[in-house]
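Just below is one structure, and these are the notes that go with it.
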Amino acid sequence: MALGLRNAGFSPTWAVDCFADACETYRRMIGSHVICQKVEQVDFKSLPSVHGLAFGFPCNDFSVVGEKRGTNGYFGGLYKQAVRALNEVRPDWFIAENVPGLLTSGGNLIMEEFSKSGNGYQVAVHLFKFEEYGVPQRRWRVIGVGIRADWDTVFRPPAPTHAVPVSSAQALAGVEQVQANNELPKHSRRVIELLKAIPPGGNCWHESVPEELRLKVPNVRLSLIYRRLHPDQPAYTIVGSGGGGTHTYHFMHPRALTNRERARLQTFPDNFVFYGSLQSVRKQIGMAVPPLGAQRIGEALIRTLQRETYPSLAPSVGVFGPSVRKPVQLELTYTER
């Protein structure tokens, strides 16, 4: 998110994360101002003053493919640290990011709590479909953008920029020429034969898969298991963890994607190098906000703060804060793709 906001025109001043490899990547690629520490241990009042905060509070307990503990889980409860940061830093604006599952796991209450923090905020909450903004990936995320209530202005999500999404084939063109983070994965002969039997866009449950190659897992039909990309469509959601079958698979070659290919689908530039083991790099890429998506939001926020008009939408979930209508509950037919 910091990379995308920097591209939009903001200047990152400090960052916090407890994932050592992600901190090293940030330090080398964005700036030395990263604090590698658990957020609960950070004294925000001791840090340089900033105008805004951008954070992706952990989504593990809100994801529809997780245990759905919501705010009762350790990760879900960490949104309280965002509340503490807002109260201690008292920024003029903030950007909060999470998965769509937040909307059915106490998301309204969380956004209301954000709106009452710090100096008080009007928080516009919108379900962003990042493939509509040039990200070659069907990645849906709930974004809340808060602006100080006494500024009497409300963020409006930018209108989509891409009526036709960028396809996987377009995004991955020429990627084999990039050196960094582009190690080819290794698979067993059985996995290679399985992937050869799956057509582009299909998964291991496809009717074309021979019986002897089918997975013998009862009551499991997750769509992303050994699912291959389709060259003419955006990728499905790139995830940061998971065992066999969850690594995202190439539409042409019978293999999982390289980390550089994942980074392309997340819109990281080729000169952005990730540090750590293969699994660590996969996690860093999959857990990130697509930089291009963050940039589009940042650009719209700048125009909002400057009181400019721009092509925009009404926030799909609603606006939280003083003197605003009661937010609506968005009806979702979403499944984690």
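The values are calculated or read from the model by the stated rules, or taken from the named source; none is laboratory data. Everything quoted here is computed from the prediction, not taken from an experiment. As a convention, Cβ positions derive from the backbone with ideal geometry for all residues, glycine included, and neighbour counts pool all protein chains shown.
May I ask you to verify whether Phe44 is aromatic (Phe, Trp, Tyr) and at pLDDT 95 or above?
Yes: the conditions hold for Phe44.
Among the candidates Ile225, Ile198, Ile192, which residue alone is of a type in the set (A, V, I, L, M, F, W, C), closer than 22 Å to Leu278 by Cα and crowded, with 17+ Cβ neighbours inside 10 Å?
Unique residue meeting the criteria: Ile225.
Take the residues in the range 272-313 that are of a type in the set (Gly, Ala, Ser) and out of contact with any Pro (no Cβ under 7 Å at 6 or more places or on another chain); name whichever of them is farthest from Asp150 (Cα to Cα).
Ser277
State yes or no: is Glu176 in a helix (DSSP H, G or I), at pLDDT 95 or above and in contact with a Lys or Arg (Cβ under 6 Å, 6 or more places away or on another chain)?
The answer is no for Glu176.
If I ask for residues that are crowded, with 19+ Cβ neighbours inside 10 Å and either free of Cβ contacts under 8 Å to residues at least 60 places away in the same chain or touching a helix residue (DSSP H, G or I) at 6+ places or on another chain (Cβ under 7 Å) (or both), which ones from the range 258-271 would you list?
Correct list: Asn259, Arg260, Glu261, Arg262, Ala263, Arg264, Leu265, Gln266, Thr267, Phe268.
Kindly indicate whether any position in the range 209-218 is modelled with pLDDT under 95, of a type in the set (A, V, I, L, M, F, W, C), farther than 30 Å from Pro322 by Cβ and in a helix (DSSP H, G or I).
Checked the range 209-218: at least one residue is modelled with pLDDT under 95, of a type in the set (A, V, I, L, M, F, W, C), farther than 30 Å from Pro322 by Cβ and in a helix (DSSP H, G or I).
Would you confirm whether any residue within the range 258-270 is of a type in the set (Phe, Trp, Tyr) and more than 21 Å from Gly134 (Cβ to Cβ)?
No, the range 258-270 has no match at all.
In the range 180-197, is there at least one residue being touching a Phe, Trp or Tyr at 6+ places or on another chain (Cβ under 9 Å), charged (D, E, K, R) and in contact (Cβ under 8 Å) with a residue 12 or more places away in the chain?
For the range 180-197, residues touching a Phe, Trp or Tyr at 6+ places or on another chain (Cβ under 9 Å), charged (D, E, K, R) and in contact (Cβ under 8 Å) with a residue 12 or more places away in the chain: absent.
Filter the range 8-27 for residues that are surrounded by 16 or more Cβ atoms within 10 Å (Cβ to Cβ) and assigned to a helix (DSSP H, G or I); which is farthest from the chain's Cα centre (by Cα)?
Among residues in the range 8-27 that are surrounded by 16 or more Cβ atoms within 10 Å (Cβ to Cβ) and assigned to a helix (DSSP H, G or I), the one farthest from the chain's Cα centre (by Cα) is Glu24.
Where residues in the range 228-245 are under 15 Å from Gln137 (Cβ atoms) and among the hydroxyl-bearing types (Ser, Thr, Tyr), which of them is farthest from the chain's Cα centre (by Cα)?
Tyr236
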